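The values are calculated or read from the model by the stated rules, or taken from the named source; none is laboratory data. None of these values were measured; they are calculated from a predicted model. Note that each Cβ is placed from the backbone with ideal geometry, even for glycine, and that neighbours are counted across all protein chains shown.
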Amino acid sequence: MKILITGYKGMLGSDLVETLKNENQHELILTDVEELDITKLDQVKKILNEENPEVIINVAAYTDVDGCETNRDLAYNINSIGPKNLAVVADEINAKLLHISTDYVFDGNNSKPYIEGDKTNPKSYYGETKLQAELFIKNEMKNYFIVRTAWLYGFNGKNFVKTMLELSKNNDKITVVNDQHGSPTFTKDLAIAICELIKTDKYGTYHVTNNDNCTWYEFASKIFELANIKINIIPVTTSEYPTPAQRPKYSVLSNEKWKNAGFNSLRHYEDALKSYMEIELENN
Ligand SMILES: NC(=O)c1ccc[n+]([C@@H]2O[C@H](COP(=O)([O-])OP(=O)(O)OC[C@H]3O[C@@H](n4cnc5c(N)ncnc54)[C@H](OP(=O)(O)O)[C@@H]3O)[C@@H](O)[C@H]2O)c1
């Protein structure tokens with residue numbers, strides 16, 4: 001297939017490119033903001049019409065959740081208008097669009113995993129802009145896949161695992177929030193799922209994460225256990241660790257729809273973390 005990727009230099013983008021390349025059966029058009037700024041409709045029109053891909057995968061985004069609270073115009077342009085531009089032109093050239101969304105579209109008041117049709121109610125501006133993108137895409141076209149995922153970590157760029165390992169070098173104790181629940185997800189595993197999905201015409205919205213869930217504190221504990229680092233981890237509440245953006249207390253996503261559609265479940269988050277850390281620790 002001829003596949004155009006936006007934001008390919010990012011954390012998910014780089015694993016996606018590697019996974020697609022390994023399949024050895026696609027023509028890939030790799031773009032990041034230098035080649036294709038998704039906020040500019042004229043550029044989107046020009047490049048998509050020139051390239052005429054069968055599939056567009058949008059992994060471009062403004063992902064600094066706290067930064068989105070203050071840089072609102074930038075956040076709205078990249079996270080809402082960008083996907084809208086892609087949807088408008090994808091529909092014109094009859095391409096499929098796969099867009100990545102987030103668990104932060106939910107408010108976190110649930111006590112059981114969120115399903116795709118559950119009521120959205122973002123607590124942060126980041127979540128609002130990502131939800132607006134979903135609405136634009138649904139309004140502009142039919143052949144879309146929206147994949148909501150959560151708590152990503154991967155080799156390229158900053159992530160929670162790297163932050164914990166880095167902090168442990170200069171501290172003998174660290175505090176970690178213990179009242180936000182989610183599903184840490186390895187970008188490599190998500191990339192494989194995306195590659196499965198784009199080959200189908202099972203359009204719609206899916207929740208795709210590694211299996212099971214934990215709090216950030218539990219996740220940090222597992223990271224240090226796997227790295228064999230002895231450190232005093234102190235669990236704290238969100239109110240003891242205030243951030244500019246509010247985050248949901250519970251944003252676990254049910255993957256039942258994904259499984260029922262016949263796709264492979266992603267492995268347990270602890271197994272994924274172990275695979276990631278084996279490579280990460282070997283390289284550092
Ligand atoms: N990270 C998470 O925990 C998480 C959780 C749930 C969902 N998601 C979603 O997953 C997707 C991938 O996230 P990620 O963490 O891989 O993101 P990322 O590492 O921040 O990568 C995003 C990429 O998009 C590029 N970009 C920014 N503005 C652009 C523009 N106007 N046009 C084209 N490209 C642009 C960025 O370039 P610069 O670096 O130069 O700005 C970067 O290369 C996003 O949709 C995100 O919302 C992420």
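Just checking, does region 43-55 include any residue being more than 18 Å from the chain's Cα centre (by Cα), buried (at least 19 other Cβ atoms within 10 Å of the Cβ) and more than 14 Å from the ligand (Cβ to nearest atom)? For region 43-55, residues more than 18 Å from the chain's Cα centre (by Cα), buried (at least 19 other Cβ atoms within 10 Å of the Cβ) and more than 14 Å from the ligand (Cβ to nearest atom): present. On the stretch given as region 14-62, residues that are in a helix (DSSP H, G or I), of a type outside the set (A, V, I, L, M) and in contact (Cβ under 8 Å) with a residue 12 or more places away in the chain total 8.
Checking each residue in region 157-179 for being within 24 Å of Tyr62 (Cα to Cα) and crowded, with 17+ Cβ neighbours inside 10 Å picks out Asn159, Val161, Met164, Val177. In region 129-162, the residue that is farthest from Phe224 (Cα to Cα) out of those that are within 8 Å of the ligand (Cβ to nearest atom) and among the hydroxyl-bearing types (Ser, Thr, Tyr) is Thr149. Among the residues of region 125-133, is there at least one that is part of a loop (DSSP other than H, G, I, E, B), of a type outside the set (Lys, Arg) and more than 25 Å from Glu270 (Cα to Cα)? No: region 125-133 contains no residue that is part of a loop (DSSP other than H, G, I, E, B), of a type outside the set (Lys, Arg) and more than 25 Å from Glu270 (Cα to Cα). Taking region 171-224 as the range and being assigned to a strand (DSSP E or B), within 13 Å of the ligand (Cβ to nearest atom) and touching a Cys at 6+ places or on another chain (Cβ under 8 Å) as the test, only Gly182 passes.
Quick check on my filter: what residues within region 107-137 are closer than 21 Å to Asn58 by Cα and either touching a strand residue (DSSP E or B) at 6+ places or on another chain (Cβ under 8 Å) or at pLDDT below 95 (or both)? Matches in region 107-137: Glu116, Tyr126, Gly127, Lys130, Leu131, Ala133, Glu134, Ile137. Restricting attention to region 242-264 and to residues that are exposed (fewer than 14 other Cβ atoms within 10 Å of the Cβ), part of a loop (DSSP other than H, G, I, E, B) and not aliphatic (A, V, I, L, M), the residue that is nearest to the chain's Cα centre (by Cα) turns out to be Asn264.
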